[in-house]
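Heads up, the thing below is written out as structure tokens.
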Amino acid sequence: MTSSAQPSVPDLQAEPLVSLLRDLEQLVKLESPTSNMLAVCTVQDAVEQWAKDLNAHTHALPGGTRQFLFGTSEDTGSAQRKRVLVLAHADTVWPQGSLSDMPFRVEGMRVYGPGSYDMKGGIVGLFYALRSLEGNYPAGGIEVLLTPDEEIGSHHSRAVIEQAAQRARVVLVIEPPVADSHALKSGRKGVGHFLVELRGVAAHAGNKPLEGASAISEAAHQILAVQALADPEKGTTVSVGAVSGGGAVNVIPAQARFEIDLRVSTLEEGERITQAMQALTPHDSRVEIKVSGGLNRPPFERSPATMKLFAQAKQLAAGLGFDLTEEVVGGGSDGNFTAPFVPTLDGLGAPGDGAHAAHEHIRLDRWPDHVRLLTALLREV
Ligand SMILES: [Zn+2]
């Protein structure tokens, strides 16, 4: 978003910012890398207390996800009274101790800190919105899932997210809006990950080089073949992002491995690449190739159901005095798991920039607008 008028520095002592900043400071100072379950739990505990303060029913689900129910009890979810499902994650990409290099701080119109934009600000804004509803929840009530492992692929929470989607009529994902904009996320690419392991034959590189079968040479052939599977026009990208192999330089290497990041806009493309990966054949028949992995998150396609939900959000934003847009993005989220079944709108968290980067921050001048929008959506959706 560009604006010719320079926004004035907002009043940090006035609502909603005074509450939003207080709660954000609490969560950001509880560091929560995905790898540290105990640390992630401390964030979930803090948020669970906020939920209890609002008289929510709270539950610990299998795989480490917390469930908070507002205006609905455990046993609902019938066809007529399906819920509004809100997806949030408590983990961040930042290792323990990151706060010392990038402390929680307000500078002008920005508030910085590890995990602020992705997505502790989203959680804070959600609870501000829930409090603002003062118990007037939408038909069917609201179910919030706070998962522990979104940043590494949601392996432990995927099943509970998909089950919750069956009980939902609408899914709102409070990942941040598109960087440095007011844009929501109306679609996301599907994400895949493959590991290719090669086993060749070791031999003395000087004395008996022809007796060896180099796993590294084979990897070189395979890497080029795999990257040639990309089809950028269809939105399919294939990137070999990590390679290792060999050991002593005077040995024909018997071991090599490489890893692939895959992004696809359609399920068909995901299947095409998966089949091609499983059909990789060695250039040198003495080398064995083992392929594992696959499509982890299906594509979140920009569907009419999502666009209908977006149109509702756009109208609410106009009523609040700002112009809302939408974009399809390359990164995945837990919305990828629900979008194939339930109308899903993503990017309803805190606006800012710098996800997974040292300058991660939230824009204080834009944040209240997005919190008001989320409140209005939760009231009317
Ligand atoms: Zn996130």
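The values are calculated or read from the model by the stated rules, or taken from the named source; none is laboratory data. Keep in mind that this is a model prediction, so the values were computed, not measured. A quick note on method: Cβ atoms are made from the backbone with ideal geometry, for glycine too, and the neighbour counts reach across all protein chains shown. Surface accessibility is based on the protein's heavy atoms, side chains included, excluding ligands, DNA and RNA. Shrake-Rupley method; radii C 1.70, N 1.55, O 1.52, S 1.80 Å.
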Fill in: Checklist (1) surrounded by fewer than 16 Cβ atoms within 10 Å (Cβ to Cβ); (2) within 23 Å of V201 (Cβ to Cβ); (3) among the polar types (S, T, N, Q) applied to Q275, failing item
(2)
Worksheet item: Inside the range 225-245, can you point out the residues that are open to solvent by 40 Å² or more (accessible area, probe 1.4 Å), assigned to a helix (DSSP H, G or I), touching a strand residue (DSSP E or B) at 6+ places or on another chain (Cβ under 9 Å) and not charged (D, E, K, R)?
Response: Q227
Item to complete: Would you check if there is a residue in the range 177-198 being within 30 Å of L54 (Cα to Cα), away from the ligand (no atom under 16 Å from the Cβ) and assigned to a helix (DSSP H, G or I)?
Response: no
Worksheet item: Looking at the range 340-347, is at least one residue open to solvent by 20 Å² or more (accessible area, probe 1.4 Å) and within 24 Å of F127 (Cβ to Cβ)?
Response: yes
Response to the item:
Every listed condition ((1) open to solvent by less than 20 Å² (accessible area, probe 1.4 Å); (2) touching a residue at least 40 places away in the same chain (Cβ under 8 Å)) holds for W94 save (1)
Response to the item:
Of the conditions (1) in contact with a Pro (Cβ under 7 Å, 6 or more places away or on another chain); (2) not assigned by TED's automatic domain parsing to the domain that holds V329, the single one that H204 does not satisfy is (1)
Discussion item. Condition (residue is among the hydroxyl-bearing types (S, T, Y) and surrounded by fewer than 19 Cβ atoms within 10 Å (Cβ to Cβ)) applied to the range 115-134: is it met by at least one residue?
Written reply: yes
Worksheet item: What residue, of L27, L38, is hydrophobic (A, V, I, L, M, F, W, C) and open to solvent by less than 60 Å² (accessible area, probe 1.4 Å)?
Response: L27
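Select the strands (runs of 3 or more DSSP E) contained entirely in the range 321-381, then report the ones holding at least 3 residues which are within 16 Å of the ligand (Cβ to nearest atom) and at pLDDT 95 or above.
Those strands (runs of 3 or more DSSP E) span 344-346.
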Practice prompt. Scan the range 106-117 for residues that are out of contact with any helix residue (DSSP H, G or I) (no Cβ under 8 Å at 6 or more places or on another chain) and either polar (S, T, N, Q) or within 16 Å of the ligand (Cβ to nearest atom) (or both) and jot them down.
Written response: Y117
Item to complete: Please go through the range 21-43 and pick out each residue that is of a type in the set (G, A, S) and out of contact with any Asp or Glu (no Cβ under 8 Å at 6 or more places or on another chain).
Response: S35
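Of the residues that sit in the range 152-175 and are in a helix (DSSP H, G or I) and open to solvent by 40 Å² or more (accessible area, probe 1.4 Å), which one is nearest to the ligand (Cβ to nearest atom)?
Looking at residues that are in a helix (DSSP H, G or I) and open to solvent by 40 Å² or more (accessible area, probe 1.4 Å), I get I152.
I'd like to know if the range 74-90 contains one or more residues that are touching a His at 6+ places or on another chain (Cβ under 9 Å) and within 16 Å of the ligand (Cβ to nearest atom).
The initial filter retains those residues of the range 74-90 that are touching a His at 6+ places or on another chain (Cβ under 9 Å), namely 74.
Filter once more, so that each one left must be within 16 Å of the ligand (Cβ to nearest atom): none.
No, the conditions are met nowhere in the range 74-90.
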Discussion item. I want to confirm something. Restricting to the range 290-306 and keeping residues that are under 20 Å from V264 (Cα atoms) and in a helix (DSSP H, G or I), which single residue is nearest to the ligand (Cβ to nearest atom)?
Written reply: T306
